[in-house]
Amino acid sequence: ANLVLHQTVERIHVGKKYGDIPRGIFIVRGENVVLLGEIDLEKEIDTPLQQVSIEEILEEQRVEQQAKQEAEKLKLQALKERGLSILRADTLDEY
């Protein structure tokens, strides 16, 4: 079944912080639905997460992604120096 969601919010988690980005109306095709549920507001209050502004969480997400990319580059370079190579999905030809 297809879903039409209104007043949707995208929540981005980075470490112990999170930020909510209002997204509005979403239409989700049925084959893309894996799990759907409501947030229990009472349990959400008990979580040890800190809510931050949208700008701050997006900046922290960008920094975290850059750190992951740098770590991946170092790993690939170390493997290359040892004569090993790993085919990544983004470098393969699509047939």
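The values are calculated or read from the model by the stated rules, or taken from the named source; none is laboratory data. Please read all numbers here as calculations on a predicted model, not as lab measurements. Counting neighbours? That spans all protein chains shown, and the Cβs are built from the backbone with ideal geometry, glycine included. Keep in mind that these areas ignore ligands, DNA and RNA; they rest on the heavy atoms of the full protein, side chains included. Shrake-Rupley method; radii C 1.70, N 1.55, O 1.52, S 1.80 Å.
Pairs meeting the criteria (first residue in the range 1-13 and without any contact (Cβ under 8 Å) to a residue 24 or more places away in the chain and part of a strand (DSSP E or B), second residue among the aliphatic types (A, V, I, L, M) and surrounded by 12 or more Cβ atoms within 10 Å (Cβ to Cβ), beta carbons under 6 Å, at least 6 apart or on different chains) are GLU10/ILE21.
Within the range 81-91, not a single residue is in a strand (DSSP E or B) and either in contact with a strand residue (DSSP E or B) (Cβ under 6 Å, 6 or more places away or on another chain) or open to solvent by less than 100 Å² (accessible area, probe 1.4 Å) (or both).
Looking across the range 7-34, not a single residue is in contact with a Pro (Cβ under 6 Å, 6 or more places away or on another chain) and over 23 Å from ILE45 (Cβ atoms).
From ARG29, ARG11, which residue is in contact with a strand residue (DSSP E or B) (Cβ under 9 Å, 6 or more places away or on another chain) and either surrounded by 11 or more Cβ atoms within 10 Å (Cβ to Cβ) or among the aromatic types (Phe, Trp, Tyr) (or both)?
Checking each option against the conditions leaves just ARG11.
Sort out which residues of the range 3-43 are charged (D, E, K, R) and under 20 Å from GLU55 (Cα atoms), and write them in order of number.
GLU10, ARG11, LYS16, LYS17, ASP20, ARG23
Quick one: would you say GLY24 is modelled with pLDDT under 90, open to solvent by less than 90 Å² (accessible area, probe 1.4 Å) and either part of a loop (DSSP other than H, G, I, E, B) or out of contact with any His (no Cβ under 6 Å at 6 or more places or on another chain) (or both)? Considered against the rule, which asks whether it is modelled with pLDDT under 90, open to solvent by less than 90 Å² (accessible area, probe 1.4 Å) and either part of a loop (DSSP other than H, G, I, E, B) or out of contact with any His (no Cβ under 6 Å at 6 or more places or on another chain) (or both), GLY24 comes out as no.
In the range 39-62, the residues that are over 19 Å from ARG23 (Cβ atoms) form Cβ pairs under 6 Å with partners that are surrounded by 13 or more Cβ atoms within 10 Å (Cβ to Cβ) and not β-branched (Val, Ile, Thr), at six or more places apart or across chains, as follows: LEU49/TYR18; GLN50/LYS17. For the range 32-71, name all the residues that are within 16 Å of ARG11 (Cα to Cα), of a type in the set (A, V, I, L, M) and open to solvent by less than 80 Å² (accessible area, probe 1.4 Å). Within the range 32-71, LEU49, VAL52, ILE54, ILE57, LEU58 meet the criteria.
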